[in-house]
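Every number in this text was worked out from the coordinates using simple rules, so none of it is lab data. Remember, predicted model here, so these are calculated numbers, not experimental data. Counting neighbours? That spans all protein chains shown, and the Cβs are built from the backbone with ideal geometry, glycine included.
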Amino acid sequence: MSYIPTPEQAEELLKRYNKEAFHIQHAETVSKVLGEFAKEFDGGRVDFWRAVGMLHDIDFELWPERHCARADELLHELDLDEELIHAVVSHGFGICYDVEPTQYMEKVLFAVDELTGLIGAAALMRPTGISDMEPKSVVKKFKDKKFAAGCNRDVIRKGAEMLEMELNELIARTIDAMRA
């Protein structure tokens, strides 16, 4: 019988396969951002959104060359819920896996996964961090291809399009979610 883990159980599962602080922190950030978006778009399922965010890169540290494919196998082996598995693996759509995000939450995950990295990097450059960050400062960093070069701008743009949201709005909402 498949199950949906709580965010805390999802974190325990993540830590079975991830030891690097960076990967754990990234999962926590994405989990919390998804939770904030869920409050507005799917209030009854905040914990589900958070669990997806926590598990989205469960396979990345040990199997980066099989990212999302290994997560698909692993989460099935762990007998997790099919909707959760689809959400987790769909964030690799067009990048490393062919499962398309179809649900709103999956599209949010696709969009904010890379964006949280860009915003986080921009926050590190500021004496006040994210506390008073404006979207325009992230947009400026977004345009600088050398800044946080590992953050895929095309994925962020495509995610905004999937959500039918202007890039500035997505950035503003993600900053607000990261602050929360």
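If a residue has to be closer than 23 Å to ALA69 by Cβ, hydrophobic (A, V, I, L, M, F, W, C) and in a helix (DSSP H, G or I) to count, how many in the range 1-47 make the cut? Looking only at that region, the number is 8. Considering VAL52, VAL88, the condition of being in contact (Cβ under 8 Å) with a residue 40 or more places away in the chain and buried (at least 21 other Cβ atoms within 10 Å of the Cβ) is satisfied by VAL52 alone. Need pairs with beta-carbon distance below 7 Å; first residue over 15 Å from GLY117 (Cβ atoms) and within the range 155-178, second buried (at least 18 other Cβ atoms within 10 Å of the Cβ) and not aliphatic (A, V, I, L, M); sequence gap 6+ or separate chains. Hits for this filter: MET162/PRO101; MET162/LYS107; MET162/PHE110; LEU163/LYS107; ASN168/PRO135; ALA172/PRO135. Checking each residue in the range 91-122 for being crowded, with 22+ Cβ neighbours inside 10 Å and part of a loop (DSSP other than H, G, I, E, B) picks out HIS91, GLY92, PRO101.
Is at least one residue of the range 58-72 within 18 Å of ALA180 (Cβ to Cβ), without any contact (Cβ under 8 Å) to a residue 40 or more places away in the chain and surrounded by 14 or more Cβ atoms within 10 Å (Cβ to Cβ)? Scanning the range 58-72 turns up no residue that is within 18 Å of ALA180 (Cβ to Cβ), without any contact (Cβ under 8 Å) to a residue 40 or more places away in the chain and surrounded by 14 or more Cβ atoms within 10 Å (Cβ to Cβ). Filtering the range 50-84 to residues that are part of a loop (DSSP other than H, G, I, E, B), within 14 Å of GLU12 (Cα to Cα) and of a type in the set (A, V, I, L, M, F, W, C) leaves ILE58, LEU78. Answer yes if at least one residue in the range 123-134 is buried (at least 22 other Cβ atoms within 10 Å of the Cβ) and either farther than 14 Å from MET178 by Cα or over 14 Å from the mean Cα position of the chain (by Cα) (or both), and no otherwise. No, that holds for no residue. Taking each residue of the range 13-38 that is closer than 18 Å to GLY150 by Cα and looking for partners that are aromatic (Phe, Trp, Tyr) and crowded, with 17+ Cβ neighbours inside 10 Å with beta-carbon atoms closer than 8 Å, six or more apart or interchain, yields HIS23/PHE60. Look at the range 106-122: where a residue is free of Cβ contacts under 8 Å to residues at least 60 places away in the same chain and a partner is of a type in the set (S, T, N, Q) and not in a helix (DSSP H, G or I), sitting 6+ places away or on another chain with Cβ atoms under 9 Å, you get GLU114/ASN152.
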